[in-house]
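These notes concern the structure reproduced below.
No value in this document is a laboratory result; all are computed from the given coordinates. Small disclaimer: the values here were computed from a predicted structure and weren't measured. Cβ: placed from backbone, ideal geometry, glycine included. Neighbour counts: every protein chain shown.
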Amino acid sequence: MANRGEIACRVFRTCRAWGIRTVAVHSDADENALHARVADTAVRLPGAAPSDTYLRGDRIVHAALAAGADAVHPGYGFLSENAGFARAVIDAGLTWIGPPPEAIEAMASKTRAKELMGIEPLREVTEADLPVLVKAAAGGGGRGMRVVRRLADLPAALEGARAEAHSAFGDGEVFIEPYVEDGRHVEVQILADAHGTVWALGTRDCSLQRRHQKVVEEAPAPGLKPELTNSLYEMAVRAARAVGYTGAGTVEFLVAGDTPHFLEMNTRLQVEHPVTEAVYGIDLVALQLRVAEGHALDTDPPRARGHAVEARLYAEDPARDWAPQTGTLHHLAVPDGIRLDTGYADGDNIGVHYDPMLAKAVAHAPTRAEAVRRLAGALERAAVHGPPTNRDLLVRSLRHKEFTTARMDTGFYDRHLTELTAPAPDPYAPLAAALADTHARSRFGGFRNVPSQPQTKRYETAGEEHEVRYRHTRTGLAADGVRVVRADARLVVLEVDGVQRKFEVARYGDEIFVGATALKALPRFPDPTPQHPPGSLLAPMPGTVVRIAEGAAVGAAVRAGEPLVWLEAMKMEHRVSAPVTGTLSALDAVPGQQVTVGQLLAVVEET
């Protein structure tokens, strides 16, 4: 498996069912990762950065030969659409579980793919062309993409896109195309064998995206007219036949009204393939294996049944510019009946080197409304104990009227992010945490015959501090205005205005999770001295300083919101902007510097 994380674990699951032994490759950072643990054999790729490990085709081929493997599955991302890597695998006498290198070469570069489909990229950009999209020619996942609305912003967008694309895919080529405002992202899953059969396995809608990376996907794409669906099928099959395609692939479009615009062909398995599997009752990885072994597909594809929706759970903070988060994933579980694909197990560490996706949750039901409701309810009840995630955003997105009525487009989060990320912690969560903590620490309670001052505890949640007060009484714990029905270390039942509410509580050090609310226990006597001066820019995540804003120097005037430092973390660039308007009084960040969370980068003295 020339990949890591969730997709490696996913492929290994099918291989085990087929009686096929598996080999994982892993970087030093992934030595204890789940995919390395569940494989029959694991081979180390020295280093931590993708450029030294998962982007080194020579090392991966050597690992396959050393382990005695006879085939290589590329997964998605990294080298999955690299024709040179596919040729190296084949030249080494190994079976390549993917399309021919020539097909990858024709379609993996988005510029060449558009030319093949009769579409010319923009060579020169004028005011009349705006807005435009700068896009990486290789790879996918939203990396190396920038929307440009002013000509003056084009040079910086090209530079940033090239740097991000080179880091993610080892290829810094970018191109420019018109940006379709508020279109729907619709794609067609194809599967082809070496005997001339090409299946079009329905449509998927992937319009809910952040930073041009998909967040929620579903199959089939809702609300498409039959004529448009048939047109999408025909274009997808034509693209596959044009390059002699075999294996699984996806042809992507932007749909504006009833007009499809060809985007690209992904010559690999997509992240969102489980929704197609659920609707068609198939295993796409198993079919990839069959095609690679030379078997023929049936003449007609299976029939579609019902509707499936997938949500990607990311370790990130959507309210803070989607900043990726790191730390320990203490516990992750969803209710029965929901498919969960993940590359993590309880207790695993979420590092800084790779994509922050924790898992994919998939619901399948006879109708779209049932599938959406089932997934939203499951995510709301899921146990997600660890760093901040986009779980609440997913639940609110799935219940938003634009989504439930299938009127969403790629601008969904541009319009609704503020309302979808507004803090809404349960007001009784801090009390439940305090009562559970008290029970865990004192089996015999703290009742006193003479009334005394109430017990107090302080917690932080959603950036706000909360102080709770409660007492030990003859009948147990009590709080003002709330009746404590039951309280132990894991479950607290409160009666509020005659209604009993249950709170499941889990604690890991000073991290406490009460249902879907995350809290941090605060010390009884806080430090009155601030650690950093006002106007400090702190690193929001561990990463590498990739560049400093032009003209940024001590004494320079800056405006609030102006980007000053760019960090690279989890294969993406993140801007750190001035918190206030004023003068740059300190600049500690240096290009190439490794920084940790909360490290001081610069100070802006407000004027």
Within straight cross-link reach of LYS457, meaning Cα distance under 23 Å, which lysines are found once same-chain residues fewer than 8 apart are removed? LYS502, LYS520
Give the order of HIS273, HIS364 when sorted by the count of other beta carbons within 10 angstrom, beginning with the fewest. HIS364, HIS273
Debye sum, Cα scatterers, segment 536-606, no solvent: what log₁₀ I/I(0) at q = 0.19, 0.28 1/Å? -0.64, -1.32
Mind jotting down the distance between the C-alpha centroids of segment 534-607 and segment 335-361, whole Å? 30
Can you compute the charge dipole magnitude of the chain about its Cα centre, using +1 on each Lys and Arg Cβ and -1 on each Asp and Glu Cβ, nothing else charged? Give it in debye, rounded to the nearest 20. 1980
Derived scalar couplings ³J(HN,Hα) [segment 243-251; Karplus, 6.51 cos²θ - 1.76 cosθ + 1.60; whole Hz; x for Gly, Pro]: 10, x, 6, 9, x, 8, x, 9, 10
Among ILE176, ILE7, ILE119, which comes first, second and so on when ranked by fewest other beta-carbon atoms within 10 Å? ILE119, ILE176, ILE7
May I have the pair-distance distribution P(r) for segment 216-344, computed from all Cα-Cα distances with 5 Å bins from 0 and rounded to whole percent? 2, 7, 14, 18, 19, 15, 11, 8, 4, 1
Out of (1) 0.95; (2) 1.07; (3) 0.99, which label holds the value of Rg/Rh (Cα atoms, Kirkwood Rh) that was computed here? (3)
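Would you calculate a helix-derived [θ] at 222 nm for the chain, using -39,500 (n - 2.57) for each DSSP H run of n ≥ 4 and dividing by the full residue count, to the nearest 500?
About -7500 deg cm²/dmol.
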Per-residue Cβ contact counts at 10 Å, fewest first, order ASP171, ASP70 as ASP70, ASP171
Once each part is reduced to its C-alpha centroid, what is the distance from segment 375-389 to segment 1-55 in angstrom? 26
Debye log10 I(q)/I(0) for segment 5-97, one point scatterer per Cα, at q = 0.14, 0.18, 0.20, 0.25 Å⁻¹: -0.44, -0.77, -0.97, -1.57
Cα gyration tensor shape of segment 125-420, rounded if a/c is under 1.5, else prolate or oblate by comparing a/b with b/c: rounded
Output the peptides 546-559, 249-262 sorted from most to least packed, where packing is the average of other Cβ atoms within 10 Å over each peptide's residues. 249-262, 546-559
Distribution of pairwise C-alpha distances over segment 273-365, 5 Å bins, in %: 3, 11, 17, 17, 15, 14, 11, 7, 4, 1
Tell me the Kirkwood hydrodynamic radius of segment 360-440 in angstroms, computed as one over the mean inverse distance between distinct C-alpha pairs. 14.8
Enumerate the aspartates and glutamates that LYS114 could reach by cross-link, defined here as Cα to Cα under 14 Å, with residues fewer than 8 away along the same chain left out. GLU105, GLU177, GLU252, GLU264
Taking Rh as the Kirkwood radius, which is the inverse of the mean 1/r over Cα pairs, what is the Rg/Rh value for segment 351-391? 1.08
Under 5 Å between amide hydrogens, which residues at least 5 positions from GLY47 or on another chain qualify, with H placed 1.01 Å from N in the peptide plane? ASP28
May I ask you to list the lysines whose Cα is less than 16 Å away from that of LYS360, ignoring any residue fewer than eight positions away on the same chain? LYS214
Please report, in whole Å, how far the alpha carbons of segment 429-521 spread along each principal axis, starting with the longest. 37, 27, 23
